[in-house]
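Below is one structure, written out as C-alpha cells; comments come after it.
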Amino acid sequence: MVQLHDLKFTPFISEAEITLAIEQLALKINEDFRDEKPVFLGILNGAFLFAAELIKRFEGDCEVNFVKLSSYEGTGTTGNVDTLLGLTQSLENRTVIVIEDIVDTGNTLESIHRILKAEKVKEFKVVTLFYKPEAYKKPLPIDYIGMEIPNDFIVGYGLDYDGLGRNLTQVYKLKESSNMTNLVLFGPPGAGKGTQA
Ligand code: 5GP
Ligand code: MG
Ligand code: MG
C-alpha cells in the first residue's frame, strides 16, 4: 500500500504486466511503422515513462517530440483542454504516433485530433497504455491499447495524484475506503480545476 497526500492506494498492475503490454504494443507498432519514419508525440506529463519504454523498442528511424496538455472542466459535462507547451516542429505531411498514458473521457484525445488536423499531418495513430472503456465518451478510434482497466482512479508509472506518484514503478488504485471528497477530476485537492495530463 502507498499513501499519497490524504489518500491510500493498493497495488493493481505489476511492473511485469506493464512491460509485457508495452512489448506487445511495440511489436505491432514496429510491424506497422518501421519504414515510415514516424514522429512519436508524447503527451506530458503522464506519458513520459511509457513513451520512453515504447520508443526505445522501436526499430526504425523516428523522431520524438512532446506536448503538454491540461484538461479542465467547468460545471458542465464538456471538458476543455489547454495547451501548456505546444508543438515545436511542423508535423505537416508526417506520420504521427500520439503516445498517451491513459484515455479516460477522451477529452484530451479530442483536442489532440483537433491540433493534428490543423497541422495537416499525413496520418496519425493513437497509442495509449491504459484505457477506461466505461468512461470513454467519444467516437474517435484508439488504435493501440495496452490494457483496458475499470473506471478506477490509478496512480504510478507516470500517473499522478496531485503531483505525486509518477515515479512508482507499478500501478496502484485508490483504496475503496479512501475518502473521495477531495478527488475532483483528478485535480489538486479542493481545487476542482482539472489536472495536468
Ligand atoms: P481524459 O478524460 O481527457 O481522457 O483524460 C485526461 C487526463 O486525466 C489523462 O491524460 C490523465 O492524465 C488523467 N487521468 C485520467 N484517468 C486517470 C487516472 O485514473 N489516474 C490519473 N492519475 N490520471 C488520470
Ligand atoms: Mg494527472
Ligand atoms: Mg495523459
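The values are calculated or read from the model by the stated rules, or taken from the named source; none is laboratory data. Small disclaimer: the values here were computed from a predicted structure and weren't measured. All Cβ positions, glycine included, derive from the backbone under ideal geometry; neighbour counts span all protein chains shown.
So in the range 120-144, with the set limited to residues that are among the β-branched types (Val, Ile, Thr) and part of a loop (DSSP other than H, G, I, E, B), which one is farthest from ILE55 (Cα to Cα)? Among those residues, the one meeting the criterion is VAL121.
LEU168 passes all but one of (1) within 14 Å of ligand 2 (Cβ to nearest atom); (2) hydrophobic (A, V, I, L, M, F, W, C); (3) modelled with pLDDT under 95; which number fails? Among (1) within 14 Å of ligand 2 (Cβ to nearest atom); (2) hydrophobic (A, V, I, L, M, F, W, C); (3) modelled with pLDDT under 95, LEU168 violates only (3). Taking the conditions (1) touching a Gly at 6+ places or on another chain (Cβ under 6 Å); (2) more than 21 Å from GLU17 (Cβ to Cβ) in turn, LEU85 satisfies each one other than (1). Can you spot a residue in the range 103-113 that is surrounded by fewer than 19 Cβ atoms within 10 Å (Cβ to Cβ), under 22 Å from GLY163 (Cα atoms) and without any contact (Cβ under 8 Å) to a residue 60 or more places away in the chain? For the range 103-113, residues surrounded by fewer than 19 Cβ atoms within 10 Å (Cβ to Cβ), under 22 Å from GLY163 (Cα atoms) and without any contact (Cβ under 8 Å) to a residue 60 or more places away in the chain: present. Residues in the range 145-170 that are among the aliphatic types (A, V, I, L, M) and part of a loop (DSSP other than H, G, I, E, B) were compared, and the one that is nearest to PHE9 (Cα to Cα) is LEU168.
Residues that are buried (at least 17 other Cβ atoms within 10 Å of the Cβ), within 27 Å of ASP82 (Cβ to Cβ) and not β-branched (Val, Ile, Thr) within the range 1-47 comprise LEU4, LEU7, PRO38, PHE40, LEU41, GLY42, LEU44, ASN45, GLY46, ALA47, listed in sequence order.
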